[in-house]
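Notes to accompany the following structure.
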Amino acid sequence: MGFWRLTKNLGWTLALAAGCAIASHADETWRMSHKMPPDSPEGLVFQRFADLVEEYSNGELQVKVFPNEQLGKTNAVLEQLKMGTVHLYAEGSTYMQKWVPEISWTSAAFLFDDREHWVRFMNSDMVQTWYDRAAEEAGVAVLGDPTAILRGPYRVMVTNRDVKEFEDIDGLPLRMHPNKDAVATWTRLGADVKTLPWTDVYASIKSGIVSAVNSPIALVESMRFYEVAPFVVRHDEYYQSIGFMINQSAYDALTDDQKAAVDRAYSEAGEYSFEIMGSVADESIERMASKGVVFRDIDRAPFVTVMQQYYADKEAAGELPVGFLDEVARTRSAN
């Protein structure tokens, strides 16, 4: 009788363990990190992606979103992404230059004619080869079309000085992300560049460490930059998207149905980003203007002229990827 109860209990234990194993396999949770406030336009896009993944996978895959750099600054998150403790990082894919330096040139300033030109370049074989190398070397890939999630929809300078023309850039204390090419670019354009984390910008402008920051227009209000820098200058520095950098092994381990759910959610989140960014930016501009914020366009021609010589000098010194400027020229036309 005791033996019967023992074997019966053992059977229940094994059945329970098997059930738990099945449940844990079916109910996978991914960790997704980003820098933005959850109620910002980008934050809303990221949450839409997470919601769609859960819906399209019938709850088998869930994406838990960590906004506001809760999981750490960029370098820390990239290492977590490589190790697989973070599965997705929604941020500019230029940060993958950590493993493939050429990727930094996807955000070359004042080089592309318009967004369509840049998109053609981003989908070229040259750029795809760079991303493939990152996947091979670090196990970190980009999910889908790297231009699908809109950031912007255009770039501006937010400053506490009234910048009206190119000459006003001279000596301007400008916050920059830690990218040597971006730093070199704005140094060449005349700014006094200081590298700071994105989440430190507001306090740094308020305290006088810097006077200006370059930003997508749609994020100026949600980051409250206009409170300390009431001049917003559109310069279309470069064109942007938000890369969904992904741990390749985690993606490969998904079932085909789960992969399809992730891919579909990404595609639809991209469509949503194009819907929301423009309307949010327009509404945001109206609100900020009512609070006294001044909006200006600036003549890009002097910026382009300076940067043309900059890129020519870099190519002559062998400091550009081989064939880079040729590929930029080739993709200038849709034909």
Can you work out which of the residues in region 268-314 that are touching a helix residue (DSSP H, G or I) at 6+ places or on another chain (Cβ under 6 Å) and under 27 Å from E167 (Cβ atoms) is most open to solvent (accessible area, probe 1.4 Å)? P302
Among the residues of region 231-250, are any among the basic types (K, R), open to solvent by 40 Å² or more (accessible area, probe 1.4 Å) and not in a strand (DSSP E or B)? no
Does S222 fit the bill of being closer than 26 Å to N75 by Cβ and part of a loop (DSSP other than H, G, I, E, B)? yes
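Give the residues of region 217-230 that are touching an Asp or Glu at 6+ places or on another chain (Cβ under 8 Å) and crowded, with 23+ Cβ neighbours inside 10 Å, sorted by residue number.
Within region 217-230, A218, L219 meet the criteria.
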Quick check on region 176-192. Is at least one of its residues surrounded by 14 or more Cβ atoms within 10 Å (Cβ to Cβ) and under 29 Å from S290 (Cα atoms)? yes
Is there any pair linking a residue in region 291-320 that is over 23 Å from Y239 (Cα atoms) and touching a residue at least 40 places away in the same chain (Cβ under 8 Å) to one that is open to solvent by 60 Å² or more (accessible area, probe 1.4 Å) and of a type in the set (D, E), with Cβ under 9 Å and at least six apart or on different chains, and which? K291/E227
Every residue in region 190-219 that is among the hydroxyl-bearing types (S, T, Y), at pLDDT 95 or above and either in a loop (DSSP other than H, G, I, E, B) or over 18 Å from L172 (Cβ atoms) (or both), please. S211
With the structure loaded, tell me whether K8 is surrounded by 20 or more Cβ atoms within 10 Å (Cβ to Cβ) and modelled with pLDDT under 95 or whether it fails that test. no
Out of the residues in region 67-114 that are surrounded by 17 or more Cβ atoms within 10 Å (Cβ to Cβ) and farther than 30 Å from F324 by Cα, state the one that is modelled with the lowest pLDDT. E69
Does T187 satisfy the condition of being free of Cβ contacts under 8 Å to residues at least 40 places away in the same chain and either assigned to a loop (DSSP other than H, G, I, E, B) or β-branched (V, I, T) (or both)? yes
For the structure I just gave you, tell me whether A334 is in a helix (DSSP H, G or I) and either among the small types (G, A, S) or touching a residue at least 12 places away in the same chain (Cβ under 8 Å) (or both). no
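The values are calculated or read from the model by the stated rules, or taken from the named source; none is laboratory data. Since the structure is predicted, the reported quantities are computational estimates derived from the model, not experimental observations. Here the Cβ is made from the backbone with ideal geometry for all residues, glycine too, and neighbour counts use every protein chain on show. To get the accessible areas, we keep the full protein, side chains included, count just its heavy atoms, and leave off ligands, DNA and RNA. Shrake-Rupley method; radii C 1.70, N 1.55, O 1.52, S 1.80 Å.
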